[in-house]
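Working notes, structure below.
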Amino acid sequence: MTAPQPRVILASGSPRRRELLGNLGVAFEVVVSGEAEDSQERDPARLALALGQLKARAVAAAHPDAVVIAADTVVALGGTLLAKPADEAENAEFLRQQSGRTQQVYTGVCVISPAGEQSGVERTDVTFRPLTEAEIEFYARSGEGLDKAGGYGIQGVGMALVERVEGDYSNIVGFPLALVLRLLRGAGVSALGQ
């Protein structure tokens, strides 16, 4: 007889994270943490991890009996962190900076269960092809990148901006599935039939 599946809470309002977690066969509910995403941390890996932990801990405090999973994605280009653009103009500026260059995408994932806390960070390198000004303006006008770190969504039209990906594709979407699976299974959650 299989052990009962623990209650799982995704501490994120991201539709992409909801879709990916659902695709793993995990039953879950969504509770958005509401935590501010500002921090003085400048190291992108540490920042992604700290923000993921902050969100998970905020929700876990109110739901101590559940398995809570949270994630946060940070995009770094050289020494610059590219958050979610505030508007179309900033989105276009982000794309100009990334044109023909390689950026690093970091996602910090934190899982908290009654047994404890586990976390990790995934890194993926993404190289943009050289973009024309018309392409930059077209994409910024589309609005697709406004709610995404780095100002683009690789799972949409933003895929056309990318020349090469080195690492976990699902990390760029904001939910690195290999890391998520490892952490959830460590907390006693069955996924992908196991």
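What follows is calculated from the coordinates using simple rules that are stated; it is not laboratory data. Because the structure is predicted, anything quoted here is derived from the model rather than measured. Note that we place each Cβ from the backbone using ideal geometry, even for glycine, and neighbour counts take in every protein chain shown.
Descriptive notes on the structure:
- Alpha-carbon centroid distance for the pair the stretch 55-86 / the stretch 111-163, whole angstrom: 15 Å
- Axis of helix 177-186 versus longest Cα principal axis of the chain: the two differ by about 20°, to the nearest ten degrees.
- Among 40-51, 107-118, the order from most to least packed when residues are scored by Cβ within 10 Å on average: 107-118, 40-51
- Taking other residues whose beta carbon is less than 15 angstrom from the beta carbon of Ile9, and scoring Lys, Arg as +1 and Asp, Glu as -1, yields +1.
- The three principal axes of the Cα atoms in the stretch 8-186 give end-to-end lengths of 52, 34, 25 Å, sorted in falling order.
- For the chain, the mean residue ellipticity at 222 nm estimated from helices alone is -10000 deg cm²/dmol, where every DSSP H run of n ≥ 4 contributes -39500 (n - 2.57) and the total is divided by all residues, rounded to the nearest 500.
- Each Lys and Arg contributes +1 and each Asp and Glu -1, all at the Cβ; summed about the Cα centre of the stretch 61-142, the dipole is approximately 220 debye.
- In this label model, Thr102 and Ala86 are separated by 3.2 nm, measuring between points 7 Å along each Cα→Cβ vector.
- With both labels modelled 7 Å from their Cα along Cα-to-Cβ, the Glu166 to Arg182 distance reads 2.0 nm.
- Length added when fully stretched, Ala27-Asp125, from 0.36 nm per residue minus Cα-Cα: 32.2 nm
- Nearest 10 degrees, 0 to 90: helix 44-62 Cα axis against the chain principal axis: 40 degrees
- Net +/- balance of residues flanking Ala61 in space, Cβ distance below 13 Å, scoring K and R +1, D and E -1: -1
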